[in-house]
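As C-alpha cells, the structure follows; a few thoughts come after it.
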4 protein chains.
Amino acid sequence: MFKPNVELSPPFDITRASHVRYLVSDLDESLRFYTEVLGFVLSDREGDVAYLRGIEEAAHHSVVLTKSSDAPAAECIGMRVRSEVDLHKARQHFLSVGGTAEFIERPFQGPTLLTTFGEGTPPVELVAGMPVLPRLLNNFPAQKGGRVLRLDHYQCVVPDVQTTAGKFMALGFRPSKYTTHADTGNLLAIFLSRKDNPHDLVMAQAAGPRLPHSAYVVSDFQAMFRAADIAGNLGYGRQVEHGPGRHGPPNGPFLYFRDPDGHRIEFILPPMQFIDPEDLPNTWDSNDAVSLVPWGGGPPQRWREEMTPFAGIESAGGTVARWTSMTETAAENSAN
Amino acid sequence: MFKPNVELSPPFDITRASHVRYLVSDLDESLRFYTEVLGFVLSDREGDVAYLRGIEEAAHHSVVLTKSSDAPAAECIGMRVRSEVDLHKARQHFLSVGGTAEFIERPFQGPTLLTTFGEGTPPVELVAGMPVLPRLLNNFPAQKGGRVLRLDHYQCVVPDVQTTAGKFMALGFRPSKYTTHADTGNLLAIFLSRKDNPHDLVMAQAAGPRLPHSAYVVSDFQAMFRAADIAGNLGYGRQVEHGPGRHGPPNGPFLYFRDPDGHRIEFILPPMQFIDPEDLPNTWDSNDAVSLVPWGGGPPQRWREEMTPFAGIESAGGTVARWTSMTETAAENSAN
Amino acid sequence: MFKPNVELSPPFDITRASHVRYLVSDLDESLRFYTEVLGFVLSDREGDVAYLRGIEEAAHHSVVLTKSSDAPAAECIGMRVRSEVDLHKARQHFLSVGGTAEFIERPFQGPTLLTTFGEGTPPVELVAGMPVLPRLLNNFPAQKGGRVLRLDHYQCVVPDVQTTAGKFMALGFRPSKYTTHADTGNLLAIFLSRKDNPHDLVMAQAAGPRLPHSAYVVSDFQAMFRAADIAGNLGYGRQVEHGPGRHGPPNGPFLYFRDPDGHRIEFILPPMQFIDPEDLPNTWDSNDAVSLVPWGGGPPQRWREEMTPFAGIESAGGTVARWTSMTETAAENSAN
Amino acid sequence: MFKPNVELSPPFDITRASHVRYLVSDLDESLRFYTEVLGFVLSDREGDVAYLRGIEEAAHHSVVLTKSSDAPAAECIGMRVRSEVDLHKARQHFLSVGGTAEFIERPFQGPTLLTTFGEGTPPVELVAGMPVLPRLLNNFPAQKGGRVLRLDHYQCVVPDVQTTAGKFMALGFRPSKYTTHADTGNLLAIFLSRKDNPHDLVMAQAAGPRLPHSAYVVSDFQAMFRAADIAGNLGYGRQVEHGPGRHGPPNGPFLYFRDPDGHRIEFILPPMQFIDPEDLPNTWDSNDAVSLVPWGGGPPQRWREEMTPFAGIESAGGTVARWTSMTETAAENSAN
C-alpha cells in the first residue's frame, strides 16, 4: 500500500535534473544527430567525449556522449545540488542508508559525487556546479533542428518502484502523479519533482534499472516538427518513434526519438508550474489508457520494450506491471 | 505504360473540389463531432440532412451529412464548375463517352448534374453555384475545435486507376504527382488538380470505387492538436487515427480522424501553390516508403484497409498495388 | 461612381503575380538580408544581378535584385501568362488601348513582354515561363530565416486608381475587396486577383505610380517571428517596421520589413481561397479603421509615406485619399 | 553604486508571485475582458468581487477584481510563502525593519499578512495557501481567448529602486538582470526572482509606487494572436497596446493589453529556467535600446507613461531614468 510523502527537510538540497551520460558507438554520427536534428549545442569535445547543452542552458552540459566499444548504455543520470556543502551531506546520507557515495573527477563539472541507492536503482551523479557558457536562446542564426531548450527529466524503470520511490521521496522529491495496483495498492509508476514543475524523475515498475528516456523541452509544435522533418532529411526518419502526441496531465505534448544507438530522447513542450504544497499529486487508474494518452493510436511495441541499460549493471526483476496496459490497448488499436 | 497528360481545352470548366455527401447513422452525434471537434459551421439543417462549411468558406456547404439507416457510405463527391453553361457541356460530354449525367434538385445548391464515368468510378456531382453565407474566418469567438478552413481534396480508390485517371485528365485535371508499377509502367496512384494547388482528387489502385478520405485545410499545427485534444475530451480519442505526421512533397503535414461512422477526414496545412505549366509532376518509386511518409512509424493497418463505400455501388476488382508498400513497411516498423 | 467588374473573357490569360525587380545599392548586403533574414534561396547570380525564389517556388525567381548607383527603385512588377500565345495577344491589346508593349530579353525567363498601361500606371513585365529549379520546401536543413514560401501580391499606388483598376479588370483581374469615397463613390483602394486567392495586385490612390510593398507568404507566426528575430541579430532590428499584426478580411496576419534600401517586403500567412464567381467583393468604409486593422496601434508614419518609386518614372498626382484614415487614427493612438 | 546580492538564508520563504488585486469600475465588463479575451477562468464571484485563475492554475485565484467607485487602482500585489510559519517570521521581519505587517482576512485564501516595506514601496500581501480547484489545462472545450496559463510576475516602478530592490534581495529575491546609471552606477531597473525562472518582480526607477503591468504566461504565438483577435471582435482592439514583439534575454516574446480600466496585462511565452547559483545576472547598457527590444518600432508613448497607481498611496519622487531611453529611441522611430 503506497502513501505519497513530501519530505520538507531533506538531508541535502537537490535542485534539478542536470545531465545524462550515454555511451555511443560512433561519436561523429551521434553528434550529427544531437546537433543537426535535435538542436543541441556542442559545448566541448575532448577526444572521445562530447559535452552538449540546449540553447537555453548556461550550464556547460546536459548530455555527455562518450564513444565506447561496449554495448550502448547510460553511465548514470545527473542531479544538481545547491552547493558543495550539500555533497558532503549527501555522502553521509548515502553511506548511512547502505548505498555508496564517492567523490569523482569529471571534466567541466564542479565537485561531483557518484552515488547508488542499492540494488535495482539507477546510479546518480550529484554535481554542485558547472562552468557557465553563453545562452544561445536569442542567437537565432546559430540555432538548428529542434532548437532543444533544456533538460527536463528522466524516466527510469526499476524492479521495485515503491521502495526506490520511497528513497527518492526521502531526499525531498515530491510526487506530482502516480498510479497503484488496483488490488494491492502498491506503487506502479510515479512522477517525482524537485524543481518548479512536475517532473525531474519519473519511475515505473519493470526489470531494471533501465533508462527508457531522457526528456528535453522545446518551444512549440513547430520545433517538434522541425526536428522530425530534419530527421527525415538526414536519414533518421524511422528514428522518429512515437508522436507527436499528448500525454495526460500534468504532462503535455510529446515526441520520441531514438538516437543512432537507440537511446530514447523525448521532446516535450514547456511544462506547467508545480510549486504549491497544497497541490496534491494526481492519481490515475492503471487500467485506464485514456488518462495517459488521451488520443491517438498509442506507442509501437518497441517503445514499450526497448530501453537503455546502465553500464555494468544487469537489469533484473520486476514483472512489467499494469501501467503498461495503456500501451497494450493502444497497440491493439494500432494493429487492427 | 502511363503518360501524364494535361488537357488545355477541356470540354467544360471544373474549378475545384466542392463538397462530399456522407450517410451517417446518428446525425446529432455526427454534428457534435464535425462542429465541436473539427470546427465545421452548421449552415443549415433540414430534417435528417445537415449542411456544413469551414470557417473560411462562403459557399453554403462543403460536407453534407444525411441520417440513414443504411450502412455508412458516401453518396457522391462534388465538384464546382464555372457556370451553368458548363453543366450543359458536361452533360453532353458524359453521354458521349458512355457515362451518365442527370440534372437533379439539391437544396442549397445551384443547378446540379449527377454524373458517372462508368463502372468502377466514383459518382461525381457537378454544381454551378451555391448560396453565399458569411465567412467566420475573422469571427474568432465563433470558432471551435480545429477551426477547419475549407475543403481541399478527396482520395478515391478505383479498380483501374490508369483508365479512370485518363478520364479525369481529359476533363482538365492536371497531374502533380504519380507513381507507376516498376515492371509494367502502369499507373498505381496519382494526384490530380484543377485549382491552384496540387490536389482536388487523389486516386489509387484498389478494389473500388471507395472513398478513403476527404481532406480539409486547417491553419497550423496548433489547430491540428486542438482538434485532437478536443476529440480526446469528448470521447473520440481513439478516432484520432494517424498523425500528426508529414507526407512527402508536394503534400505536407497531416492528421487523420475517423468520424462516428468511420468516415475518414484528413486535416492538412495550407498546401503549396501549383499553377505554372512547366511545373511537371513529381514521380516516386512505389517501393520507397520514405518519399510518402518521410518520418515516423507509418499508419495503422486499419488506415490502409478501411474506406467509405459509395452508396449502392459494390466495391470490386483492383488488387491492392505496390503503392501500399510504404504502409506495409511502416506497419512492420510499428510492430517491432 | 465605381462599379466592380469581372471580365470573364479577357484578351489574354494572366495567371498570377510572378516577380518584382528592385534596384539596390549594395548587392551583397541585400542578399544577406533576403537570404539570411527573409529566407529566400539564391537561384543564380550573374555579375550585378541576383535571382531569388521562395523555398516553395519551382519557378526560377520571384525577386530580382540589380546593383545600381541610381536611387533605390523598382524596375517593374512581373505577371505570369499561361503561354507564349498570350504574350502576342497581350501585345495587340496594349497597343490597341494606347499603352506600350515590347518584347525584351530577360535572363532566366521565357518570352517576356514589357508593357505600360499609360501615364500613372506601373510598368508590368509579362512572362510566359521560367526555368524550373528544385523546390526546397521539404529540404529542411537548407531553410533559413523566415523560410519565405512564395510571392503572393504587390501593392501599388497610382494617382487615378479608378481608371487604372478599370484597365486591370478588363484583363480579367477580379475585385475581392474595395473602398470608395463616401461622397463621390469613386474608388479609393482595391484588391484584385487572378489566381485562386484574393490578391495579385492591390492598388490605392496616391501620388504614383509607386510600390509600397511586395507581399510573400510564410507558413505560420513562428516563421514571422524567426525572420524578425534574425533581423534583430543581424543588425536589421529597426527594419522590422510594422507588425506582427492582423489585417481585416479577406487578408490575415502581416509583418512588414524594410530591406537595406528601404524596399518594403510584407510577410503574410497562407491566404484564403477565392474562386467562386458568386463570392462578391467585400467593401469597407474608408472612414473605419477597424475593418483594416482590427487591433493594435497601427503603422508608423513612415509606413504610410515611404514607398519605392519606379525607375525612371516620376511620381505625380493623386491626393492621398481617405483610405489612409485608418492609419491616421492608428497613429494618433500610437502617439498618445 | 549597485551590487547584486543573493541572500541564501532569507528570514522566511517566499515561493512565487501569487495574485494581484485590481479595483475596476464595471465588474461585468472587466469579467468579459478577462474571460473572453484573455482566457481567465472565473473561480468565484461574491458580490462586487471576482476571483480568476489561469487554465493551468490549481490555486484559487491569480487576479482579484473588485468593483469600486474609486479611480482604477491596484490594492496590492500578492506573494506566496511556503507555509503559515513563514508568515509569522515575515511579520517579525517587517516590524524589525520599520515596515508594517498585519494579519488580515481574505476570502478564498489561507492565512494572509498584508505588509509594506516603507514609503515608496508597493504593498505586498503574503499568503500561505489557497483552496485548490481543478486545472483546466487539459479541458480544451472549456478554454477561451488567449487561454492564459498562469501568473508569472509584476512590474513595479518605485522612486528609489536601489533601496527598494535591496529590501527584496534581503528576502531572497535573486537578480537575473539589471541596469545601472552609466555615471553613478546606481540601479535603474532590475529583474528579481524567487521561483525557477528569471522574474517574480521587476522594478524600475520612476515616480511611484505604481504598477505598470502584471505578466501572465500563454502557450505560444497562436494564443497571443487569438487573444488579440478576439479583443478586436469584442471592441477592445485599441486596447491591444504593444506587440506582439520580443524582449531581449532573459525574457522573450510579449504582447501588452490594457483592460477596460487601463490596467496593463502582459502576455509572455513560457520563460526560461533560472536555478543555478553560478548563473549570474545579465546587465545591459541603459542607453542601448536593442538589448531590451531587439526589433520593431518600440512601444507607444502611453505604454511608457500610463501605470496603475496603488489605492490610497500617492505616487511621488523618482525622476524617470535612462532605462526608458530605449523607448524614447523607439518612439522616435515610430514617429518618423
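The values are calculated or read from the model by the stated rules, or taken from the named source; none is laboratory data. Keep in mind that this is a model prediction, so the values were computed, not measured. Cβ sites come from the backbone with ideal geometry, for glycine too, and all protein chains shown count toward neighbours. Just the protein is used for accessible areas: all its heavy atoms, side chains included, with ligands, DNA and RNA removed. Shrake-Rupley method; radii C 1.70, N 1.55, O 1.52, S 1.80 Å.
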### Query
Please state the relative contact order of region C:158-279 as a whole percent: Cα pairs under 8 Å, 6+ residues apart?
22
### Task
Just need the relative contact order of region A:1-139 here, percent rounded to a whole number, with Cα pairs under 8 Å and 6+ apart.
25
### Query
Whose amide H sits under 5 Å from the amide H of B:S18, counting only residues 5 or more places off or on another chain, with H placed in the peptide plane?
B:G78, B:M79, B:R80
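Out of all DSSP beta bridges with both ends in region D:117-224, state the antiparallel percent to the nearest 5.
Taking every DSSP beta bridge with both residues in region D:117-224, the antiparallel ones total about 75 percent.
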### Task
Scan around B:G252 for amide H atoms under 5 Å from its own, H built in the peptide plane at 1.01 Å from N, and keep only partners 5 or more places away or cross-chain.
B:H247
### Message
Please report, for B:G235, the nm distances (one decimal) from its label point, 7 Å out from Cα along the beta-carbon direction, to the equivalent points in the remaining copies, shortest first.
### Response
3.9, 5.0, 6.3
### Integer Hz, Karplus 6.51/-1.76/1.60 couplings in order for region B:139-146, x for Gly and Pro
9, 5, x, 7, 8, 10, x, x
### Message
I'd like the per residue volume of the convex hull spanned by the Cα atoms of region B:96-222, given in cubic angstrom.
### Response
149
### Message
Quick check for you: with a 1.4 Å probe and neighbouring chains kept, what is the accessible area per residue of region D:101-200, in Å²?
### Response
30
### Task
Report the percentage of all Cα-Cα pairs in chain C whose separation exceeds 31 Å, rounded to a whole percent.
27
### Query
Taking region B:199-244, how much of its Cα-Cα pair set, in percent, is spaced more than 14 angstrom apart?
63
#### Entry: Karplus (6.51, -1.76, 1.60) ³J(HN,Hα), θ = phi - 60°, over region A:62-68, in Hz, Gly and Pro reported as x
10, 9, 10, 10, 10, 5, 8
### Task
Excluding residues fewer than 8 places away in the same chain, name every one of the aspartates and glutamates whose C-alpha is closer than 18 Å to that of A:K67.
A:D26, A:D28, A:E29, A:D44, A:E46, A:D48, A:E75, A:D259, A:D261
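So what's region D:1-93 giving for Cα Rg divided by 2.2 N^0.38 Å, two decimals?
Rounded to two decimals, the normalised Rg is 1.34.
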### Message
7 Å along Cα→Cβ for the label point: how many nanometres lie between B:L8 and each equivalent label in the other copies, listed shortest first?
### Response
2.3, 8.1, 8.4
### Query
Shielding of B:215-223 by partners, i.e. mean partner chain Cβ atoms within 10 Å per residue?
5
### Query
Leaving out same-chain residues fewer than 8 places away, which lysines sit with a Cα under 17 Å from that of A:K89?
A:K167
### Query
What percent do you get for the relative contact order of region B:91-157 when only Cα pairs under 8 Å and 6+ apart count?
21
### Query
Relative to the compact globular guide of 2.2 N^0.38 Å, what is the alpha carbon radius of gyration of region D:264-306, as a ratio?
1.54
### Query
Of all the Cα-Cα pairs you can form in region C:66-151, what percent are over 23 Å apart?
40
## Note on the structure
The distance between the Cα centres of region D:41-92 and region B:39-76, in whole Å, is 47
### Query
In debye to the nearest 20, how big a dipole does region D:1-147 give about its Cα centre with +1 on each Lys and Arg Cβ and -1 on each Asp and Glu Cβ?
500
### Query
For C:I104, which inter-copy label distances result when the label point lies 7 Å beyond Cα on the Cα-to-Cβ vector, reported in nm to one decimal and in ascending order?
5.5, 7.1, 7.4
### Query
Computed over the Cα atoms of region D:187-308, what is the convex hull's projected area averaged over all directions, in nm²?
8.2
### Message
Consider the operator that turns chain C into chain A: which C residue has a Cβ nearest its axis, and what is that gap in Å?
### Response
C:Q222, 2
### Query
Once the mean 1/r over all distinct Cα pairs of region A:240-295 is inverted, what Kirkwood radius in angstroms do you read off?
13.0
## Note on the structure
Counting only protein heavy atoms and leaving out ligands, DNA and RNA, the solvent-accessible surface of C:D261 at a 1.4 Å probe, in Å² to the nearest 10, equals 30
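Just the Kirkwood number for region D:93-138, please: inverse of mean 1/r across all distinct Cα pairs, in Å, one decimal. Present the calculation step by step, with values, prior to reporting the outcome.
Numbers: mean 1/r = 0.0818 Å⁻¹.
The answer is 12.2 Å.
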### Query
Taking GluC sites (Glu not before Pro) as exposed when DSSP calls them loop (any state but H, G, I, E, B) and at most 11 other Cβ atoms lie within 10 Å, what is the longest stretch of chain B free of them, the sites themselves excluded?
B:106-313
### Message
For the interface of D with B, what's the total buried accessible surface in square angstrom, probe 1.4 angstrom, rounded to the nearest hundred?
### Response
1100
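Taking 2.2 N^0.38 Å as the expected size of a compact globular protein, what ratio does the Cα radius of gyration of region D:22-72 give against it, to two decimals?
Numbers: Rg = 10.4 Å, N = 51, 2.2 N^0.38 = 9.8 Å.
Here the answer is 1.06, to two decimals.
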### Message
Once neighbouring chains are kept in place and the probe is 1.4 Å, which whole percent of the accessible area of the protein assembly as shown is contributed by carbon and sulfur?
### Response
50
### Query
Can you give the three extents of the C-alpha atoms in the protein assembly as shown along their principal axes, from longest to shortest, in whole Å?
92, 69, 65
### Message
Taking each residue in D:270-283, count the Cβ atoms of any other chain within 10 Å of its Cβ, then average. What number comes out?
### Response
6
